[in-house]
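> Sharing a structure here in structure tokens format.
The values are calculated or read from the model by the stated rules, or taken from the named source; none is laboratory data. It should be emphasised that the depicted structure is a prediction, and the values quoted were computed from it without experimental measurement. Counting neighbours? That spans all protein chains shown, and the Cβs are built from the backbone with ideal geometry, glycine included.
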Amino acid sequence: MSNKIVVFSCSWDGWSCIDAAANAGMPYPASVTVIKLPCLSGIDAGLILRALEYGADGVLLLGCQPHECRHGRYGKNIEIEFDKARQLLSLLGESSDRVRLARLDAFDGGGFIETVKSFSAALEDKARVTASTGNKS
Amino acid sequence: MNMQEIIRQTRAHFCLDCGKCTAVCPVNRFDPGFSPRLIVQKALSNEGGAYDDARIWSCVGCNMCTVRCNYNVSYVEMIRHLRMLSRENGTELVYSHGGVTESVMHMMGKDDIKQDRSGWLPADIQVKSPGDTAFFVGCAPYFDTIFKDLNVKLTDGTIGAMRLLNMAGIPFDLLDNERCCGHDLLLAGDSNGFVALGRNNVEELGARGIRKIITSCPECYYTLKVDYPRYVDGWNVEVIHITEVPEIFKLKGAAMKKIRAAFHDSCKLGRHFKMYDGTRNLLTSLAGAELCEMENNRENSLCCGASPWMFCGSVNKQIQDERLRQADATGADYMVTSCPKCQIHLTCAGMSGDGKYAGIKIVDLYHLAAQSLAQKDG
Ligand code: SF4
Ligand code: SF4
């Protein structure tokens, strides 16, 4: 698994899942870079695209279930910015699936590993299709 | 380019230190610490280092100073070169909107992208492909997404402009993979990013056999007409603004309910090109509006207050607020602009602050004109 994935994780349930995976010794590839933020509500489409512009193959936004947001701000903002980023990618002729939003319950280490693996597999599939057809979206 | 060369090219050595530029600068009006005169003088001094003065990033590029300067010091050009030097020396920039516009421009500059940028195009727009003339759309489709929170639809203006051309019988092709013209990257001193976009546009136009471009966006017009010939290799395309197409002025609009419109000049079409009348004629003869001039108009028009998507702050907001106040004072029904970026910035200003000017309706000139024509036909 060599896809470069940037994970923007909130410091609450999102981070607890990554922590749980690490504590349980569940490995995830070195090509996954995790960036911890107070809350996903601070993410905007610019930050997502910047990661892709700088060479990431995919961006994973990892946060709490909407009703669990400690800042009471989760739901809306991130969804708006997530949609914007996906639409901008489509306009650019890139696959909008290069950005994924995942919400996990606290301490779900297995869930994090599963999410990263399935995201990476999807990116790899897409890369294969693109290589054979030249069609990115 | 080194300092000596910048001074020579921008005629800065003619500066007499008179301060007229600072007296008319809209940024100085709200931030007395910013002075074009002092920046020119700093550039001329032996101390050097004008490029690492943080204030070079505050200029909005409105060209008011150059128009006033008796010695024609090209201040906006100087700022652009200083910004290039500053970036070469590692200055970190603060982009507005999380830097999304910059990332989009950089991603568009890649050689291998195949954009899917025409989903917004209505079925009734007639495109003549192949053809030797293209309508250059600009970034409106991207802006619709980036600024959807503002509830602005910039493609309405683009569609309006294309409808006018259709109705006037002027054929044009559209480019599937048109890149951003790069105006904002260049103004931000990002010459590599700019050239990447330019090179791809040259290739796309060449492959399609395009010899002539019509555009409605003032900044695309300026960039393609003035900056491409001097900075982009292989550029050999005639560029005209839609208000330079005589046929559209022969169109007759419906006698709409008379609206009163305050017209906001864009800095590029206005002070940079001195094109003040074509837009106004479209507004009065085609859209049938009664023109209300704002306190600052034509050559003295106030900028929409924002430079290339960076460092937008309280001074910019105060300039915008003042512009909205001027529009409000005319009692007009609409504030009309021909520039998508002016529309974005002024709409944003109307929505922020204390909501005093939230009621001002800001619309695109071409959208309004095309609507008036459609009413006549329908
Ligand atoms: S207006 Fe011209 S001459 Fe006067 S200070 Fe400004 S740049 Fe110098
Ligand atoms: S271009 Fe406009 S904002 Fe910049 S220094 Fe001149 S007058 Fe001031």
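> Check B:Val60, B:Val73, B:Val67 and return the single one that is in contact (Cβ under 8 Å) with a residue 60 or more places away in the chain, assigned to a loop (DSSP other than H, G, I, E, B), within 14 Å of ligand 1 (Cβ to nearest atom) and surrounded by 15 or more Cβ atoms within 10 Å (Cβ to Cβ).
From the options B:Val60, B:Val73, B:Val67, the qualifying one is B:Val73.
> Can I ask one more? Please specify each residue of segment A:32-56 satisfying the condition of being in a loop (DSSP other than H, G, I, E, B) and within 14 Å of another protein chain (Cβ to nearest Cβ).
Across segment A:32-56, the qualifying residues are A:Ile43, A:Asp44, A:Tyr54, A:Gly55, A:Ala56.
> Among B:Ile113, B:Ile146, which is the only one that is more than 16 Å from ligand 2 (Cβ to nearest atom), at pLDDT 95 or above and either surrounded by fewer than 21 Cβ atoms within 10 Å (Cβ to Cβ) or of a type outside the set (Asp, Glu) (or both)?
B:Ile146
> Just checking, how many residues over segment B:45-57 are among the acidic types (Asp, Glu) and either outside any helix (DSSP H, G or I) or within 12 Å of ligand 2 (Cβ to nearest atom) (or both)?
Going through segment B:45-57 one residue at a time, the tally reaches 2.
> Follow-up. Which members of segment B:194-223 meet the condition of being polar (S, T, N, Q) and either touching a His at 6+ places or on another chain (Cβ under 6 Å) or at pLDDT below 95 (or both)?
Residue satisfying the conditions is B:Thr223 alone.
> Please return the ranges of strands (runs of 3 or more DSSP E) entirely within segment B:283-378 where 2 or more residues are under 21 Å from the mean Cα position of the chain (by Cα) and not assigned by TED's automatic domain parsing to the domain that holds B:Asp31.
Per the criteria, B:334-337, B:361-364.
> Inside segment A:67-95, can you point out the residues that are surrounded by fewer than 17 Cβ atoms within 10 Å (Cβ to Cβ) and either away from every other protein chain (no Cβ under 14 Å) or not acidic (Asp, Glu) (or both)?
A:His67, A:Glu68, A:Arg70, A:His71, A:Gly72, A:Arg73, A:Gly75, A:Lys76, A:Asn77, A:Ile80
> Continuing with the same structure: For segment A:7-26: of the residues being in contact with a helix residue (DSSP H, G or I) (Cβ under 8 Å, 6 or more places away or on another chain) and outside any helix (DSSP H, G or I), which is surrounded by the fewest Cβ atoms within 10 Å (Cβ to Cβ)?
If we take residues in segment A:7-26 being in contact with a helix residue (DSSP H, G or I) (Cβ under 8 Å, 6 or more places away or on another chain) and outside any helix (DSSP H, G or I), then A:Ala24 is surrounded by the fewest Cβ atoms within 10 Å (Cβ to Cβ).
> Which condition number in (1) closer than 18 Å to B:Gly189 by Cβ; (2) in contact with a Phe, Trp or Tyr (Cβ under 9 Å, 6 or more places away or on another chain); (3) within 13 Å of ligand 2 (Cβ to nearest atom); (4) not acidic (Asp, Glu) is the one that B:Cys69 fails?
For B:Cys69, the exception is condition (1).
> In addition: Could you list all residues from segment B:138-157 that are of a type in the set (Phe, Trp, Tyr) and assigned to a helix (DSSP H, G or I)?
B:Tyr142, B:Phe143 - these are the residues of segment B:138-157 that are of a type in the set (Phe, Trp, Tyr) and assigned to a helix (DSSP H, G or I).
> Here is a further query. Quick check on my filter: what residues within segment B:93-119 are closer than 16 Å to A:Ser95 by Cβ and more than 7 Å from chain A (Cβ to nearest Cβ)?
B:Lys110, B:Asp112, B:Gly119
> I would also like to ask the following. Being more than 10 Å from ligand 2 (Cβ to nearest atom) and more than 11 Å from B:Leu186 (Cβ to Cβ) is the filter here; which residues of segment B:75-86 pass it?
Listed by number, the residues that qualify are B:Leu82, B:Leu85, B:Ser86.
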